[in-house]
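Undergrad: Before anything else, here's the structure in question.
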Amino acid sequence: MTCASLSKHYAVIGNPIEHSRSPFIHELFAQQTGQALRYDKIKAPLDDFPGVVAAFFAEGGCGLNVTVPFKEAAFVLAQAHLSARATLAGAVNTLWMEQGQLHGCNTDGLGLLHDLERLGHAPANKKILLVGAGGAARGVVFPLLDGGCAQLHIVNRTAQRAHQLHQHVISHMPPLASRLSAGGLADAAGSWDIVINATSSSLGQTPPDLPAGLYGPQALAYDMVYGQQPTPFMQQAEKQGAHDTADGLGMLVGQAAASFAIWHGVTPNVEPVLHALRQHLRSA
Ligand code: ATR
């Protein structure tokens, strides 16, 4: 999709938005690929997300990244033109206008897939434990299955939400049922190749209450949250014998790269931008 507007204007929209790294990432991608663009942060009022989106595009804006708490609202706004990934995630993080129509995609799952590949833990044929059943988990279930994992087990503190997510996915894609299961945190027991924390527990400084002994040989513990230090989940996993641990900074840059590719038709190189962002985070 190429934008006809002369001043190519993009932004990330959320509330709060002050700490968003998206302008930093997109400006580096633009330098790397020779695109001229402007990328801002927009704080939308909680009660007028649709109005702010409409005004942005009416003024010639080319594309928006959408973050907390508006991804479900963006899904509703773009419901006439959603990608399959957005439909299955029930959420949109990338908006653009094509022939006067608002289009939406969800690139979070692609960001995770690319990061797992970068880390040498591509999901194909792996046994994966996904912890959490909120919006963050929902966005990555289909991409992980699509990435060819052998088994995906969703566990959540409130087991019922894990079962609901399981039902949602298999009702849309019945053939996936044989590789997907769900339960409570206590049902996490097993020997997993990859354990992904998609809960918001790290924000509260406590890891999810998972049983010990989850990590198979060579296993990766991946936290979708990131920070200056290893997250509580990563620290817990290291103590419990995970071979590798990673936070979600690479997923953040990966989802941005996938949005950039939709908007500009060119896929940027994630690695140098991830490196620069890590340095920036450490010195903050
Ligand atoms: P998000 O969009 O970030 O996923 P959410 O929809 O509010 O946010 O979901 C938060 C997720 O983190 C849920 O899976 C939640 O578990 P519950 O459904 O039982 O609430 C999970 N979560 C939050 N804090 C947690 C904690 N301390 N331990 C385990 N799970 C936690």
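Undergrad: Please find, within segment 241-284, the residue that is modelled with the lowest pLDDT out of those that are open to solvent by 60 Å² or more (accessible area, probe 1.4 Å) and not in a helix (DSSP H, G or I).
TA: Ala284
Undergrad: Sort out which residues of segment 215-237 are open to solvent by 60 Å² or more (accessible area, probe 1.4 Å) and farther than 23 Å from His275 by Cα, and write them in order of number.
TA: Residues satisfying the conditions are Pro217, Gln218.
Undergrad: Give the number of residues within segment 3-47 that are open to solvent by less than 40 Å² (accessible area, probe 1.4 Å), of a type outside the set (Phe, Trp, Tyr), in contact (Cβ under 8 Å) with a residue 40 or more places away in the chain and outside any helix (DSSP H, G or I).
TA: Residues that pass the stated criteria total 10.
Undergrad: So the check is Cβ under 8 Å with 6+ separation or different chains; which pairs have a first residue in segment 170-196 that's at positive phi and a second one that's in a strand (DSSP E or B) and open to solvent by 30 Å² or more (accessible area, probe 1.4 Å)?
TA: Once the first residue is at positive phi and sits in segment 170-196, its partners that are in a strand (DSSP E or B) and open to solvent by 30 Å² or more (accessible area, probe 1.4 Å) give Gly190/Lys127.
Undergrad: Now for a different question. Open to solvent by less than 10 Å² (accessible area, probe 1.4 Å), within 16 Å of the ligand (Cβ to nearest atom) and not assigned by TED's automatic domain parsing to the domain that holds Pro69 - does that describe any residue in segment 146-154?
TA: Checked segment 146-154: at least one residue is open to solvent by less than 10 Å² (accessible area, probe 1.4 Å), within 16 Å of the ligand (Cβ to nearest atom) and not assigned by TED's automatic domain parsing to the domain that holds Pro69.
Undergrad: Looking at segment 95-195, what strands (runs of 3 or more DSSP E) fall wholly within it and have at least 1 residues that are within 28 Å of Gln218 (Cβ to Cβ)?
TA: So the answer is 127-131, 151-156, 180-184.
Here's the yes/no breakdown for (1) more than 23 Å from Met251 (Cβ to Cβ); (2) open to solvent by 60 Å² or more (accessible area, probe 1.4 Å); (3) without any contact (Cβ under 8 Å) to a residue 60 or more places away in the chain; (4) among the β-branched types (Val, Ile, Thr):
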{"residue": "Thr67", "(1), (2), (3), (4)": "no, no, yes, yes"}
{"residue": "Leu82", "(1), (2), (3), (4)": "no, no, yes, no"}
{"residue": "Asn106", "(1), (2), (3), (4)": "no, no, yes, no"}
{"residue": "His121", "(1), (2), (3), (4)": "no, no, no, no"}
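Undergrad: Shifting gears a bit: Scan segment 174-206 for residues that are buried (at least 20 other Cβ atoms within 10 Å of the Cβ), at pLDDT 95 or above and within 16 Å of the ligand (Cβ to nearest atom) and jot them down.
TA: Ala182, Ala188, Val195, Ile196, Asn197, Ala198, Thr199
The values are calculated or read from the model by the stated rules, or taken from the named source; none is laboratory data. For clarity, every value in this text was computed on a predicted model and none was experimentally measured. Neighbour counts run over all protein chains shown; Cβ positions are idealised from the backbone, glycine included. In case anyone asks, the SASA skips ligands and DNA or RNA and just uses the protein heavy atoms, side chains included. Shrake-Rupley method; radii C 1.70, N 1.55, O 1.52, S 1.80 Å.
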